[in-house]
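Got a structure here, written out as structure tokens. Questions coming.
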Amino acid sequence: MLHQCSVCKLRIVMCGGGTGGHVYPALSIAEAIDEISPGAEIHFIGMGNSFESRAVASAGRLFHEINAGALIGKSFFEKLVGLWRAVSGTLQAMLLLRKLKPGVVIGTGGYVMAPVIAAAKLMSIPFILQEQNSFPGYATRKFARFACFVCLGNQEAERHLQGSRVVVTGNPVRRAILKSANTLEQSRGSDHSSALLVLGGSLGARSINTAVANCIDELAGVLPVYWQTGRNASHSLFDSQVLERLIQHKFVVRRDFFDDMDSQYARAKLVVCRAGAITLAELALFGLPAVLVPFPYAAHQHQLANARSVENEGGAVVIPDSELTGEKLFDVVQSLLSDSKRLSSMSSAMKRLAKPSASWDIAKIALKVAAR
């Protein structure tokens, strides 16, 4: 355990946001720091009225607001606005860092990370980066060579970060997910796998929802379906007598969002979902075979890179978004569920990809950097 005097209290700044894929890893690392160094004071920096501000507040953490702006994939005018926000955000971050005097800054991705890491570099404050994806994000690529360490979720990312000090730690996952995976592993005497889990994302993956809606009767005839459609999903997809009948007879459970993902993973036999890095890390902990439909508009096709990496290891089957139909999805799902030997092999492959100690490994690295 790292000991700090009361006068020289250790402060750590976390930054990253925009999506759960950047925020939840930061929160998971913070939990690990709490365990290893209970006296450390952890501060989060992000945009106001944002996903990260709400998630951090829900976790009861200290949060500070700055400006930030996206530049990639924007129009000329939007880039000018984004640049102004990034510059003003960097100045705001410098004032915050001067006040907080952190021992280390930890960046977990998203464009809100860039102003904070830029400020840390300008002020010679050590920082580490945590990159979730097989193809690193823009901010990670720009700042990696200045970082004390870049903690990678995937070995594939290393080739894009030549000249940087990298370590493959895996991706941090939420404590509740890790606890549920450990509990399930200890009670493998009975078969807990009893459902097809479909994750249409927190907002709604239109192609996945449409394909599932077009073959829901067939899917439910093979295995009970637990279907997260997302909060913004088109409800016209669900106005069918077939679906209502299946829900009434409990062959299908449909929710906008599952708050109990640990329970959902625990009952699943196969998962249909996008290929976000944190979702894949969670699937690996549970050893869950997957049918992956990468989000086609992800920056630099990083979801496709994530998905192919898992497929190459034998843990998943990839269906490109442009090729996804109800018929195609049902054929793939039925083929996998009817082949217990292949499912078992895929499950073993997923387990080999699991990094259950990722949060603690990253926390230890950060604390060692701060101790210098």
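The values are calculated or read from the model by the stated rules, or taken from the named source; none is laboratory data. Note that this is a predicted model, so its numbers are computed, not measured. Here the Cβ positions follow ideal geometry from the backbone for every residue, glycine too, while neighbour counts run over all protein chains shown. Calculation scope for accessible area: heavy atoms of the full protein, side chains included, ligands and nucleic acids excluded. Shrake-Rupley method; radii C 1.70, N 1.55, O 1.52, S 1.80 Å.
Among the residues of region 31-50, what is the count of those that are without any contact (Cβ under 8 Å) to a residue 60 or more places away in the chain and out of contact with any helix residue (DSSP H, G or I) (no Cβ under 8 Å at 6 or more places or on another chain)?
Looking only at that region, the number is 6.
Oh, and also: For region 51-99, enumerate the residues that are of a type in the set (Asp, Glu), in contact (Cβ under 8 Å) with a residue 12 or more places away in the chain and assigned to a helix (DSSP H, G or I).
Across region 51-99, the qualifying residue is only Glu52.
Go through region 326-343 residue by residue and tally those that are among the hydroxyl-bearing types (Ser, Thr, Tyr) and either open to solvent by 70 Å² or more (accessible area, probe 1.4 Å) or at pLDDT below 95 (or both).
2
Go through (1) at pLDDT 90 or above; (2) open to solvent by 10 Å² or more (accessible area, probe 1.4 Å) for Ser236 and report which single condition fails.
All conditions pass for Ser236, except number (1).
Please find, within region 191-218, the residue that is modelled with the highest pLDDT out of those that are in a loop (DSSP other than H, G, I, E, B) and within 23 Å of the chain's Cα centre (by Cα).
Checked region 191-218; the qualifying residue modelled with the highest pLDDT is Ala205.
In contact with a helix residue (DSSP H, G or I) (Cβ under 6 Å, 6 or more places away or on another chain) and crowded, with 20+ Cβ neighbours inside 10 Å: which single residue out of Ala363, Ala358, Ala305 fits that description?
Ala363
Here's something else I'd like to know. Hey, any hits in region 266-285 for a residue that's under 20 Å from Gly314 (Cβ atoms), basic (Lys, Arg), more than 16 Å from the chain's Cα centre (by Cα) and surrounded by fewer than 24 Cβ atoms within 10 Å (Cβ to Cβ)?
yes
State all residues of region 143-162 that are assigned to a helix (DSSP H, G or I) and either crowded, with 17+ Cβ neighbours inside 10 Å or over 17 Å from the mean Cα position of the chain (by Cα) (or both); if no residue qualifies, say none.
Across region 143-162, the qualifying residues are Phe143, Ala144, Arg145, Phe146, Glu156, Ala157, Glu158, Arg159, His160.
Of the residues Phe149, Phe135, Phe143, which is out of contact with any Cys (no Cβ under 7 Å at 6 or more places or on another chain) and closer than 18 Å to Leu304 by Cα?
Values: Phe149 fails: closer than 18 Å to Leu304 by Cα; Phe143 fails: closer than 18 Å to Leu304 by Cα.
After applying the criteria, what remains is Phe135.
Additional query: Taking the stated definitions as given, is Pro102 at pLDDT 95 or above, open to solvent by 50 Å² or more (accessible area, probe 1.4 Å), more than 18 Å from Gly17 (Cα to Cα) and not in a helix (DSSP H, G or I)?
No.
How many residues are more than 16 Å from Gly17 (Cα to Cα), outside any loop (DSSP other than H, G, I, E, B) and open to solvent by 20 Å² or more (accessible area, probe 1.4 Å) when one looks only at region 108-142?
Counting residues in region 108-142 that are more than 16 Å from Gly17 (Cα to Cα), outside any loop (DSSP other than H, G, I, E, B) and open to solvent by 20 Å² or more (accessible area, probe 1.4 Å) gives 4.
Any residue in region 163-185 that is part of a strand (DSSP E or B) sitting within a Cβ distance under 6 Å of a residue that is surrounded by fewer than 15 Cβ atoms within 10 Å (Cβ to Cβ)? List the pairs, counting only those 6 or more apart or interchain.
Final answer for the pair search is Val168/Gln155.
Then there is this: Quick one: would you say Gln132 is within 16 Å of the chain's Cα centre (by Cα) and either under 18 Å from Glu52 (Cβ atoms) or at pLDDT 95 or above (or both)? Give the derivation first.
Working: within 16 Å of the chain's Cα centre (by Cα): yes; either under 18 Å from Glu52 (Cβ atoms) or at pLDDT 95 or above (or both): yes.
Yes: the conditions hold for Gln132.
Do we have any residue at all in region 184-198 that's over 22 Å from Ser340 (Cα atoms) and not acidic (Asp, Glu)?
No: region 184-198 contains no residue that is over 22 Å from Ser340 (Cα atoms) and not acidic (Asp, Glu).
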